[in-house]
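> Take a look at this one; I'll ask things after.
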Amino acid sequence: MLVNEMVQLGAKRSGIRELFEYGLKRKAEVGADNVFDFSIGNPSVPAPKAVQDLFLQLAERPDTVKVHGYTSAAGAMQVRAAIANNLNRRFGANARPQNIFITCGAAPAVMSTLKAMCVKDAEFVILAPYFPEYQTFIRAVGGKVVVVPPNTEDFDLHVDAVEPYLSAHTQAIIVNSPNNPTGVVYKRETLEALAALLRKKSAEFGHPIYLIADEPYRELVYDGVTAPFIPGIYENTVVCYSWSKSLSLPGERIGYVYVPDTCDDSLDLFYAVTGSARALGHICAPTSAQYVVEACCDNDVMPDVTPYDENRKTLYKALTEMGYTCAYPHGAFYIMLKSPLESALAFSEKAKEFNILVPPCEPFGCPGYLRLSTCVSHEMILKSIPALKALLDSLRLP
Ligand code: PLP
């Protein structure tokens, strides 16, 4: 006997991955340069040179136990200290190594945090459009998913719209800024208003409503915009971070959970995150990746976002000039496109005829929209423009 829900989950490929794999097949048929694959969020900027050099140095070191052996479950103490110092230096946080649990990226960070909070009848609020895996994670820990519908006017966070979705069962709200898939970066005032609402509701319900800040795109911001440090705004914030996008290391699986001392029951919450990670088997993130991020934290190695910025500007300008409607992104590496056809799925299928691969946003809780990943080569962006125009023209023909 098997768990049917898990069988279904494993058997069902994500639409994005399916499109990506279709793209690989199509590239073999018509040549890689003739397929415009906007499907997947794999960073296209290479990892900084310092990161590459560090991995090479670690691979060559003979002390295999230190470099490639287990660390303690929460990560090596000096790495946790480097992360805490980095948060203190950059954001005036008051972090100690004991507040940091190193994870295999943001996904296990979010998952362990949800499991830590998932008491009986727990509800978790997510804001559409959302990262589709939130649905999977919340269900997997036994929680109820509560979705705040999207505001397609600007895709911003409208705090008034959140209030009706908070209940006595709400354990946490997940906030993802810079956002996948919209690229929206929530402003400080907006987050302050959300904090005020969460404080009011926490008092009303007699228990804290935590804010889970899922931040793999924190440093991927443009036009002088910065992503506010949410624990400095709302005391009950747990940060789930990852270097997957910022250092272009998604396959190295490295991130952390930061439980600030300001959180209600912070020590128990940290233990619960640790216990959940242990119960889920997510302990001891890759050791060599831990040492790489330790050195990067100390030396403030930052991503080069220029190529993403250029792609974003070029594609947004081209799309809007052609007559497509898109949301202007200030962060991450995605552009949300309003489907010119009523069904985004039908548009995505039509786009395939032009070798354009663009996934519909139904799984993100935003029907009628599609997501273009701009973490691709600039050449691909330039070459895709005539194809995107031909696609739109084909819909206008009688
Ligand atoms: N959260 C968001 C919003 C993401 O977009 C992603 C990956 O694309 C993740 C979490 C998972 O990140 P990681 O690869 O670090 O597990």
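> Sort out for me the Cα centre separation of the range 106-129 from the range 39-84, rounded to whole Å.
Cα centroid of the range 106-129 versus Cα centroid of the range 39-84: 27 Å apart.
> Net charge around PRO48, counting only other residues with Cβ within less than 12 Å of its Cβ (Lys, Arg = +1; Asp, Glu = -1)?
Details: positive: LYS49; negative: ASP53, GLU219, ASP300, ASP304.
The answer is -3.
> Moving to a separate point now. Using the Kirkwood radius built from alpha carbon pairs, what does the Stokes-Einstein equation give as D for the chain at 37 °C and 0.692 mPa s, in µm² per second?
Values: Rh = 22.0 Å.
Reported coefficient: 149 µm²/s.
> Moving on. Considering Cα pairs under 8 angstrom that are at least six residues apart, work out the relative contact order of the range 293-394 and quote it in whole percent.
On the way: 121 pairs, mean separation 28.2, N = 102.
With pairs under 8 Å counted, the relative contact order is 28 percent.
> Compute the orientation-averaged projected area for the range 276-398 from the convex hull of its Cα atoms and round it to one decimal in nm². Each step should come with its number before you reach the end.
Numbers: hull surface 43.2 nm².
Seen from a random direction, the Cα hull of the range 276-398 projects 10.8 nm² on average.
> Can you tell me the accessible area per residue over the chain, all protein chains present, probe 1.4 angstrom, in square angstrom? Please report the intermediate quantities before stating the final value.
Values: 17300 Å² over 398 residues.
I get 43 Å² per residue for this part.
> Quickly rank 374-380, 73-79, 179-185 as a protection proxy: mean count of other C-beta atoms within 10 Å, highest first. Intermediate results must be reported in sequence, preceding the final value.
Working: 374-380: 17.6, 73-79: 19.3, 179-185: 27.1.
Ranked by mean Cβ neighbours within 10 Å, highest first: 179-185, 73-79, 374-380.
> Projected area of the range 72-130, taken from the Cα convex hull and averaged over every viewing direction, in nm²?
Values: hull surface 22.7 nm².
Computing the convex hull of the Cα atoms and averaging its projections yields 5.7 nm².
> Take the range 158-286, compute every pairwise Cα distance, and split them into 10 Å bins from 0; I just need the percent in each bin.
12, 39, 35, 14, 0
> Counting Lys +1, Arg +1, Asp -1, Glu -1, what net charge surrounds ALA109 among other residues with beta carbon under 15 Å of its beta carbon?
On the way: positive: ARG80, LYS115, ARG218, LYS245, ARG253, ARG278; negative: GLU133, ASP214, GLU215, GLU252.
Net charge around ALA109: +2.
> In vacuum, with every alpha carbon of the range 309-351 counted as one equal point scatterer, what does the Debye formula give for log10 I(q)/I(0) at q = 0.22, 0.26, 0.28 Å⁻¹? Two decimals, please.
For the requested q values the scattering log ratios are -0.77, -0.94, -1.01.
> So in the range 49-296, what percent of DSSP beta bridges are antiparallel if you round to the nearest 5? Walk me through the numbers before you get to the answer.
Values: 8 of 25 bridges.
Around 30 percent antiparallel, to the nearest 5.
> Also, I was wondering about something else. Which stretch or stretches of the range 337-352 have amide N atoms under 13 Å from the point lying 7 Å from TYR22's Cα along the Cα→Cβ direction?
In the range 337-352, the label zone of TYR22 (backbone N under 13 Å from the point 7 Å along Cα→Cβ) covers 344-352.
> Which Cys in the chain stand alone, with every other cysteine's Cβ at 4.7 Å or more from theirs?
For the chain, the answer is CYS104, CYS118, CYS240, CYS263, CYS284, CYS296, CYS297, CYS326, CYS375, because their Cβ atoms have no other cysteine Cβ under 4.7 Å.
> Quick one: Kirkwood hydrodynamic radius for the range 43-101, alpha-carbon pairs, angstrom, one decimal?
Here the Kirkwood hydrodynamic radius works out to 13.5 Å.
> How many angstrom lie between the C-alpha centres of the range 321-346 and the range 262-289?
38 Å
> Over the chain, what is the relative contact order in whole percent, taking alpha-carbon pairs under 8 Å and six or more residues apart?
On the way: 728 pairs, mean separation 93.9, N = 398.
This gives 24 percent for the chain.
> Pop the C-beta distance of ALA161 and GLU349 into the FRET formula with R0 = 25 Å and round what comes out to the nearest 0.05. Don't skip to the answer; put the middle values down first.
Working: r = 32 Å, r/R0 = 1.28.
Efficiency at R0 = 25 Å is approximately 0.20.
> Right, something else. I need the calculated FRET efficiency for the pair ASP261 and ALA168, taking r as the beta carbon distance and R₀ as 25 Å, to the nearest 0.05.
Numbers: r = 26 Å, r/R0 = 1.05.
Here the calculated transfer efficiency is 0.40.
> Here is a follow-up. What nm distance separates the two modelled labels at MET302 and ASP223, each placed 7 Å from Cα along Cα→Cβ?
Result for the modelled spin labels: 1.9 nm.
> Another question, if that's okay. Would you kindly work out the equivalent ellipsoid of the range 236-300 from its C-alpha gyration tensor and give its semi-axes, the square roots of five times the eigenvalues, largest first in whole Å? Show your work: numbers first, answer last.
Values: eigenvalues 107, 46, 20 Å².
After scaling each eigenvalue by five and taking roots: 23, 15, 10 Å.
> Continuing with the same structure: Once the other residues with Cβ under 10 Å from the Cβ of TYR369 are scored (Lys, Arg +1; Asp, Glu -1), what is the net sum?
Working: positive: LYS338, ARG371; negative: GLU362.
The answer is +1.
> Could you order peptides 93-99, 40-46, 66-72 by the average number of other Cβ atoms within 10 Å of their residues, highest first? Present the calculation step by step, with values, prior to reporting the outcome.
Values: 93-99: 18.6, 40-46: 17.0, 66-72: 13.3.
Going by the mean number of other Cβ atoms within 10 Å, highest first, we get 93-99, 40-46, 66-72.
> By how many nm would the segment from SER377 to VAL65 grow when fully extended, if each residue of separation counts as 0.36 nm and the alpha-carbon distance is taken off?
108.4 nm
> Then there is this: Report the label-to-label distance for THR152 and THR314 in nanometres (one decimal), using points 7 Å from each Cα along the Cα→Cβ vector.
3.0 nm
> Continuing with this model, one more query. For the cross-link pairs LYS187/LYS389; LYS66/LYS245; LYS49/LYS313; LYS313/LYS350; LYS49/LYS245; LYS317/LYS389, which exceed 22 Å when the distance is taken from alpha carbon to alpha carbon?
Working: LYS187/LYS389 34 Å; LYS66/LYS245 26 Å; LYS49/LYS313 26 Å; LYS313/LYS350 25 Å; LYS49/LYS245 15 Å; LYS317/LYS389 13 Å.
As for pairs spanning more than 22 Å Cα to Cα, those are LYS187/LYS389; LYS66/LYS245; LYS49/LYS313; LYS313/LYS350.
> With a point put 7 Å past each Cα toward its Cβ, work out how far VAL3 is from ASP393 in nm, to one decimal.
Result for the modelled spin labels: 5.2 nm.
> Still on this structure: What's the angle, to the nearest 10 degrees (0 to 90), between helix 266-280's Cα axis and the longest principal axis of the chain?
Value to nearest ten degrees: 60.
> Continuing with the same structure: Ignoring ligands, DNA and RNA, what percent of the 1.4 Å accessible area of the chain is carbon and sulfur? Please report the intermediate quantities before stating the final value.
Details: 9430 of 17300 Å².
Its accessible area is 55 percent carbon and sulfur atoms.
> Right, next: Under 29 Å between alpha carbons, and skipping anything fewer than 8 positions from LYS120 in its own chain: which lysines qualify?
Correct list for LYS120: LYS12, LYS144, LYS200, LYS201.
> Let me know the whole percent of all Cα-Cα pairs from the range 1-72 that are separated by more than 21 Å.
Details: 1566 of 2556 pairs.
Beyond 21 Å sits 61 percent of the P(r) for the range 1-72.
The values are calculated or read from the model by the stated rules, or taken from the named source; none is laboratory data. Keep in mind that this is a model prediction, so the values were computed, not measured. Because the Cβ atoms are built from the backbone with ideal geometry, glycine has one as well, and the counts that use them run over all protein chains shown. Keep in mind that these areas ignore ligands, DNA and RNA; they rest on the heavy atoms of the full protein, side chains included. Shrake-Rupley method; radii C 1.70, N 1.55, O 1.52, S 1.80 Å.
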